[in-house]
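The values are calculated or read from the model by the stated rules, or taken from the named source; none is laboratory data. Quantities reported herein were computed from a predicted structural model and do not represent experimental measurements. Cβ coordinates were reconstructed from backbone atoms using ideal geometry, including for glycine residues, and neighbour counts include every protein chain displayed. Side chains included, ligands, DNA and RNA excluded: accessible areas come from the protein's heavy atoms. Shrake-Rupley method; radii C 1.70, N 1.55, O 1.52, S 1.80 Å.
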Amino acid sequence: RVLGQRADAWSQLGDLENALEDIQVALEKDPKHAPLYDVLGTIRMRSLDYPQAARDLDHAVQLDRKNVAALVHRGEAYAALGSLKAARRDFFKALELNPKSREALTGLCQALRVDKDPRAALHACTKAIEADEHHGPAYLHRGLAYLAGGAPLKAIEDIDMAAQLGVRRPEGLLAQSVAHALNRQYKQSHLSFEAAIRADPYARSHEVAFGIAKDAAEDNLKA
């Protein structure tokens with residue numbers, strides 16, 4: 001268990017080599033410990049190896065079908081691969097096991113928004129916030145759902161709240177830029193855009209889900 005936790009910490013620091021070494025040693029000690037495959041899957045996702053992540057997380061679920069974290073992470077991996085139906089299925093399974101899982105509800109929110117159902121996405125993200133009012137990702141993705149549903153002012157408020165809770169992404173700032181422009185607040189739109197570019201000069205779209213910024217037909221810079 002400690003090796004798995006240390007591997008996750010190495011991964012968050014960007015040290016893939018040490019992370020995988022710890023996981024390998026841990027699996028030699030206990031090759032059927034499902035949480036290790038869950039950690040391995042999240043490490044793969046951080047390195048953007050989503051196909052292998054899905055395989056590792058599938059192994060975690062096969063070893064323990066009641067592992068909520070592994071179901072949520074496998075859903076995120078499926079969604080990153082574009083398999084939204086499989087992703088939603090995993091999020092719903094996780095919610096059957098834990099109806100108040102903020103991670104499962106936030107994942108479902110993202111999947112529904114990407115699948116062009118902002119109303120259902122808003123409901124899922126709101127449930128995530130009800131489960132934990134300090135869960136920053138739920139505010140970010142509810143803000144994006146508000147923007148997709150044509151409520152720019154609410155989008156700005158939610159993205160601001162996400163930033164206050166430590167979730168500050170350039171895509172969120174770009175979303176605020178779009179929202180201000182829709183509300184004819186052009187000075188604020190310009191300031192939000194500049195803040196986004198300072199955070200990431202390569203940020204081009206506010207369409208983000210499951211950690212991946214989606215390409216837009218007309219990117220924010222041109223707009």
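Of the residues contained in region 154-162, none is found to be part of a helix (DSSP H, G or I) and within 26 Å of His33 (Cα to Cα). For region 172-184, the set of residues classified as buried (at least 18 other Cβ atoms within 10 Å of the Cβ) and part of a loop (DSSP other than H, G, I, E, B) is empty. Is at least one residue of region 149-157 in contact with a Lys or Arg (Cβ under 8 Å, 6 or more places away or on another chain) and either of a type outside the set (Lys, Arg) or open to solvent by 40 Å² or more (accessible area, probe 1.4 Å) (or both)? Yes - at least one qualifying residue is present in region 149-157. Here Leu57, Leu3, Leu40, Leu36 are screened, and the one residue that is crowded, with 17+ Cβ neighbours inside 10 Å and over 28 Å from Leu108 (Cα atoms) is Leu3.
Is one or more of the residues making up region 58-77 in a helix (DSSP H, G or I), of a type in the set (Lys, Arg) and at pLDDT below 90? Within region 58-77, none of the residues are in a helix (DSSP H, G or I), of a type in the set (Lys, Arg) and at pLDDT below 90. Open to solvent by less than 70 Å² (accessible area, probe 1.4 Å) and of a type in the set (Lys, Arg): which single residue out of Arg46, Arg65, Arg74 fits that description? Step by step, each of Arg46, Arg65, Arg74 is checked, and only Arg74 is open to solvent by less than 70 Å² (accessible area, probe 1.4 Å) and of a type in the set (Lys, Arg).
Matching residues to (1) touching a His at 6+ places or on another chain (Cβ under 7 Å); (2) part of a helix (DSSP H, G or I); (3) surrounded by fewer than 18 Cβ atoms within 10 Å (Cβ to Cβ); (4) not hydroxyl-bearing (Ser, Thr, Tyr):
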{"site": "Ala87", "(1), (2), (3), (4)": "no, yes, no, yes"}
{"site": "Leu122", "(1), (2), (3), (4)": "no, yes, no, yes"}
{"site": "Glu130", "(1), (2), (3), (4)": "no, yes, yes, yes"}
{"site": "Glu133", "(1), (2), (3), (4)": "no, no, yes, yes"}
{"site": "Arg142", "(1), (2), (3), (4)": "no, yes, no, yes"}
{"site": "Ala145", "(1), (2), (3), (4)": "no, yes, no, yes"}
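Could we say that Glu103 is surrounded by fewer than 22 Cβ atoms within 10 Å (Cβ to Cβ), modelled with pLDDT of 95 or more and either over 16 Å from the mean Cα position of the chain (by Cα) or outside any loop (DSSP other than H, G, I, E, B) (or both) here? No, not satisfied. If we scan region 163-170, do we find a residue that is in a helix (DSSP H, G or I), modelled with pLDDT under 95 and open to solvent by less than 20 Å² (accessible area, probe 1.4 Å)? Checked against the condition, which is being in a helix (DSSP H, G or I), modelled with pLDDT under 95 and open to solvent by less than 20 Å² (accessible area, probe 1.4 Å), region 163-170 yields no hits at all. Tell me which residues, restricted to region 5-55, are outside any loop (DSSP other than H, G, I, E, B), among the charged types (D, E, K, R) and either within 28 Å of Ala86 (Cβ to Cβ) or without any contact (Cβ under 8 Å) to a residue 24 or more places away in the chain (or both). Listed by number, the residues that qualify are Arg6, Asp8, Glu17, Glu21, Asp22, Glu28, Asp38, Arg44, Arg46, Arg55.
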